[in-house]
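Quick note: the coordinates plus some simple rules give every number you see, no bench work behind them. Since this is a predicted model, take the numbers as computed values, not measurements. Because the Cβ atoms are built from the backbone with ideal geometry, glycine has one as well, and the counts that use them run over all protein chains shown.
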Amino acid sequence: MKTILVTGGAGFLGSHLCDELLSHGHRVLCLDNLSTGSLKNIEHNLGDDDFQFLNHDIVDPIKLPPSFQDLDQIYNLACPASPVHYQSDPIKTTKTCVHGAINVLDLGLETGAVVFQASTSEVYGDPAQHPQPESYWGNVNTIGPRSCYDEGKRTAESLFFDYHRFHGVPIKVVRIFNTYGPRMAHDDGRVVSNFIVQALKNKDITLYGNGSQTRSFCYVDDLISGFIAMMDTPETVIGPVNLGNPGEFNMNELATAVIELTGSDSELLYCELPKDDPKMRKPDITKATNLLGWQPKIKLQIGLAKAIEHFRKELGLDGLEDQPEEYAKQVDNVMDIANAN
Ligand code: NAD
Ligand code: UDP
């Protein structure tokens, strides 16, 4: 049994990570300022003696509660991840990335805990190399609207490596590629949640630009198993390691899949492309495969079907007997496809 701090633990990825760590018998301190996360994501754990929630902003130094003094591991996930959210208060985003990294690394120095950083494919910016291996240094506009996040995460990576080199803090750095699944907030603003919610409401699907830009989508369960595999590596394995699903789709293909899976009557609405939106993204996961023996298992269609079921419940569309005919048809579609795979 280990004692583990998860920052950003009430968010989408963080709450799944807390569940997984608790299921392995660990004690979990979940730190979050609830800016984009929600108590709803962790409420099922609040009565558990092995779980404690700490409402705290990672920008400020962390004071551990008495029962969580002897930390073994720290997972640093606290940071808004949706472009809509991280651009709404960009200076705070940079502080969260940079001061947050310093605060968790100082805590690692003080306690001897291994410190894990949730870095991102955004460190590659609008990549000129495709797919992206960890050796690629990236193409980031330092003064654009995405740079608060991209440069914040890049600085966090340099802090992790400097604390490791200068102070010997044990670190693990992973670069996460677009991940989706249950507990994404329905108003999160990222593409998978936007498309599913729009399709379920039969509203226009908002495609930015001409929809030809690509992303590679990883289902949350696959990603979390990659986190744990990385944390379990010997001390010499520090990363960075890409974690993501190499299946690459353009946004037109994603919209079509979501419409098909939901049986929606939504139409496609082409909107302005946000500035500096990366044209393509796909992880080279050779390193993860060799070092961690890790590969994602869940196909996009199956993962989308699971996410659709989550959002259907979130939107109060569950309970087939009370639903209009068309929703019953949509569930059938989703389940047929899920069962066929
Ligand atoms: P999320 O927005 O659901 O979760 C982030 C959590 O951090 C939220 O609970 C939020 O309240 C909390 N938080 C934000 N700022 C904070 C602060 N200053 N102090 C304390 N808590 C704070 O997003 P997510 O998708 O779960 O992302 C989690 C981490 O993974 C982030 O660091 C993100 O950069 C990284 N990541 C995610 C993806 C992805 O596709 N989901 C891709 C790359 C990187
Ligand atoms: N996107 C879109 N419609 C939306 C939201 C996003 O077409 O409603 C596009 C966005 O322009 C980007 C891709 O989908 O090219 C992924 O966007 P997201 O915000 O999910 O993550 P990013 O990879 O850009 O950080």
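Taking the square roots of 5 times each eigenvalue of the Cα gyration tensor of the chain, largest first, gives ellipsoid semi-axes of 33, 24, 18 Å.
Per-residue packing, averaged as other Cβ atoms within 10 Å, sorts the ranges 36-44, 273-281, 177-185 into the order 177-185, 36-44, 273-281, beginning with the highest. Fully extending the segment from SER88 to ASP187 would add 34.3 nm, taking 0.36 nm per residue of separation and subtracting the current Cα-Cα distance. Electrostatic bookkeeping for TYR208 treats Lys and Arg as +1 and Asp and Glu as -1; over the other residues with beta carbon under 13 Å from its beta carbon, the sum is 0.
With all pairs of separate Cα atoms included, segment 81-191 yields a Kirkwood hydrodynamic radius of 14.9 Å. Taking a sphere under 11 Å around the Cβ of ILE171 and counting the other residues whose Cβ falls inside, with K and R at +1 and D and E at -1, yields a net charge of -1. Per-residue ellipticity at 222 nm computed for the chain from its helices equals -12000 deg cm²/dmol, with DSSP H segments shorter than 4 residues left out and the rest contributing -39,500 (n - 2.57).
For ASP277 and ASN210, the difference between the fully extended length at 0.36 nm per residue and the C-alpha to C-alpha distance is 22.9 nm. Between segment 95-128 and segment 216-273, what is the separation of their alpha carbon centroids in Å? With segment 95-128 and segment 216-273 each reduced to a Cα centre, they are spaced 21 Å.
Give me the compactness ratio for segment 1-111, meaning the Cα radius of gyration over 2.2 N^0.38 Å.
On the way: Rg = 13.3 Å, N = 111, 2.2 N^0.38 = 13.2 Å.
Against the compact-globule rule of thumb, the ratio is 1.01.
For the pair ARG165 and ILE143, label points projected 7 Å from Cα toward Cβ lie 2.8 nm apart.
In this model, which of LYS95/LYS297; LYS2/LYS63; LYS201/LYS299; LYS92/LYS297 are farther than 26 Å apart at the alpha-carbon? Don't jump to the answer; show the numbers that get you there.
Details: LYS95/LYS297 35 Å; LYS2/LYS63 19 Å; LYS201/LYS299 24 Å; LYS92/LYS297 36 Å.
Cα-Cα > 26 Å for LYS95/LYS297; LYS92/LYS297; rest within.
Over segment 148-218, the fraction of Cα-Cα pairs per 10 Å bin, rounded to whole percents and listed from the shortest bin up, is 15, 32, 26, 17, 8, 1.
Give, as a single signed number, the net charge of other residues whose beta carbon lies under 14 Å from the beta carbon of LYS40, with Lys and Arg counted +1 and Asp and Glu -1. Mind dumping the intermediate values first?
On the way: positive: ARG183, LYS313; negative: ASP19, ASP32, GLU43, ASP187, ASP188, GLU314.
Local net charge: -4.
Shape of segment 123-172 from the C-alpha gyration tensor: oblate (a/c of 1.5 or more and a/b not above b/c, with a ≥ b ≥ c the square roots of its eigenvalues).
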